[in-house]
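K.L.:
A single structure is presented below for examination.
The values are calculated or read from the model by the stated rules, or taken from the named source; none is laboratory data. Computed from a prediction, not measured in an experiment: that's the story for all the values here. Here the Cβ is made from the backbone with ideal geometry for all residues, glycine too, and neighbour counts use every protein chain on show.
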Amino acid sequence: MDVDCGQAFTAPVWTLPSRRDVLNQETALLSPHIRQCIAFLKRVDQLRVRPGHSSKTFRIEVSLDATSDNTSASFSVDPTLDELKELRFVLVHWTSKHEQLHARYGVGPCTFCKEFTSSEAQAKWPKTGLGSLLSSASKRAEALESCLMQYIDVARGPSLLVRRGAVRCEGIEHVPSILCRFLLKDVDQSTI
């Protein structure tokens, strides 16, 4: 009686999903609009903030990486200091929408939203009031550049885009769209 015992005890080969498959599953939970915004933010290669023609304006130069051809698109926007403050206010507002649910429902702090609402993130933003009067326009521009690039890095980071059980993070649902609208304000999108 010839029985091949080696084949009887072979277990099926389990393969782990690739990192790309896991990230695609996580972002598949998001709406198509937010996925499109994240895809745009992933194309942002470099962001430079320079002082504008007046003390209350800035010029933000955005460079996009080349996806299909060798040319990289770039554009610029000219927000005022008030528009930048409004951007920060709106981002902090949407990333702190669900914080009151943590204690009541036992939901741990959201990693995504902590990047916007933590005291470290708040301290990086340029000072207002007397601090803004004492700092030069170029120092404020450097601080704004650092903050905006950090916001973009967090918004496009797919490892932070995770569904938190039954409680959906409002920041994940809104931050990428808000950043895209801010960067693409008054920009001819057919050129990028």
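Per-residue answers, yes or no, for (1) at pLDDT 90 or above; (2) part of a helix (DSSP H, G or I); (3) among the hydroxyl-bearing types (Ser, Thr, Tyr):
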| position | (1), (2), (3) |
| --- | --- |
| THR67 | no, no, yes |
| SER72 | no, no, yes |
| LYS114 | no, yes, no |
| LEU148 | yes, yes, no |
| GLY171 | no, yes, no |
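K.L.:
From VAL90, VAL107, which residue is at pLDDT below 80 and either within 16 Å of LEU179 (Cα to Cα) or not hydroxyl-bearing (Ser, Thr, Tyr) (or both)?
P.N.:
Only one candidate qualifies: VAL107.
K.L.:
Could you please tell me which pairs satisfy a Cβ distance under 6 Å, a separation of 6+ or placement on different chains, a first residue in the stretch 134-156 that is under 21 Å from LEU64 (Cβ atoms), and a second residue that is hydrophobic (A, V, I, L, M, F, W, C) and in a helix (DSSP H, G or I)?
P.N.:
Pairs that qualify, where the first residue is under 21 Å from LEU64 (Cβ atoms) and the partner is hydrophobic (A, V, I, L, M, F, W, C) and in a helix (DSSP H, G or I), are ILE152/LEU41; ALA155/LEU41; ALA155/VAL175; ALA155/LEU179; ARG156/ILE38; ARG156/LEU41.
K.L.:
Have a look at ALA121, ALA143 and point out the one that is touching a Phe, Trp or Tyr at 6+ places or on another chain (Cβ under 8 Å), surrounded by 15 or more Cβ atoms within 10 Å (Cβ to Cβ), closer than 30 Å to SER74 by Cα and modelled with pLDDT of 80 or more.
P.N.:
Only one candidate passes the filter, namely ALA143.
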